[in-house]
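The values are calculated or read from the model by the stated rules, or taken from the named source; none is laboratory data. None of the values given here were measured: they were computed from a predicted structure. Cβ coordinates were reconstructed from backbone atoms using ideal geometry, including for glycine residues, and neighbour counts include every protein chain displayed. Protein only, heavy atoms only, side chains kept; ligands, DNA and RNA dropped before computing areas. Shrake-Rupley method; radii C 1.70, N 1.55, O 1.52, S 1.80 Å.
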Amino acid sequence: MNEYFTLLKAESLRLFGINKALHNKDKSAKKKLGASITGIAVIGCIVAFMSALYGFMFFESLKNTGEERYAPAIMVAVTSIIVFFQALRNANGVVFGFADYETTCALPVKNKNVVLAKLTYVYLENLVYFILFVAPVSVVYGVLSHSGIGFYLRTAVGILLSPALPVALGLAVGTVVAVFAARFKKSNVLSVI
C-alpha cells in the first residue's frame, strides 16, 4: 500500500511541473511555480463563485415552477457529462500512453499499484470538477432552502462518490477506443477522433 501512495504522490507532483520546480536549483522556477499555483487558486475561486452565482440564478428560476430541489441534481448531471469526456480524453494519455512507463516499470513496484495510482489520479483530477461546480450550487441550494446538516453531509458524500461512474464509463470507452485504434495503421488519427 505504501507503493501505491508513493506512486500517487509522484503522479500528483508531476502535475504542472511541481516536481521539476521543487528540485530545480534555479530560484526563478520556484517563483514560477508559486505564481502558477496562485493563478490556479484564483481561477478556482472565480469558477466556484461563478458556479454559486449560477446556482442562485438557477434556484430562483426553478423556484417559480416549484422544482428547485432538482438544482443540485441537474448540476451533478452536467458535471458528470464534463467528467465523462475528461476521463475519455485521459484514457489515452494518462492511463495507456503515459510517458513515464519505462521509469515506472523499472521501479520495484507491482503493476497493480501502478494502475491503481493512475486510476486514482484520474479520479482525483475529475473530483475537482465536482468540487468547483456542484459544491457551490449545493451550498446555495442548502442556504436558500434552509436545509439541515443532513443535507450537507449527504452532499459531501455524494460529491466524493459522483465522479466514480462517469470516470469509469469514460475510461471504459477510452479503453475500447484504444484497443480498436491499436488494430489500425493510423491509430493515432483514430484515437484523436
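Only protein heavy atoms count here; on that basis, with a 1.4 Å probe, residue 78 has an accessible area of about 70 Å². Take the Cα of residue 106, step 7 Å toward its Cβ, do the same at residue 35, and the gap between the two points is 3.4 nm. Calculated accessible area for segment 25-182 comes out at 59 Å² per residue, all protein chains present (probe 1.4 Å; ligands, DNA, RNA ignored). Surface calculation, 1.4 Å probe, protein heavy atoms: residue 69 sits at approximately 130 Å² accessible.
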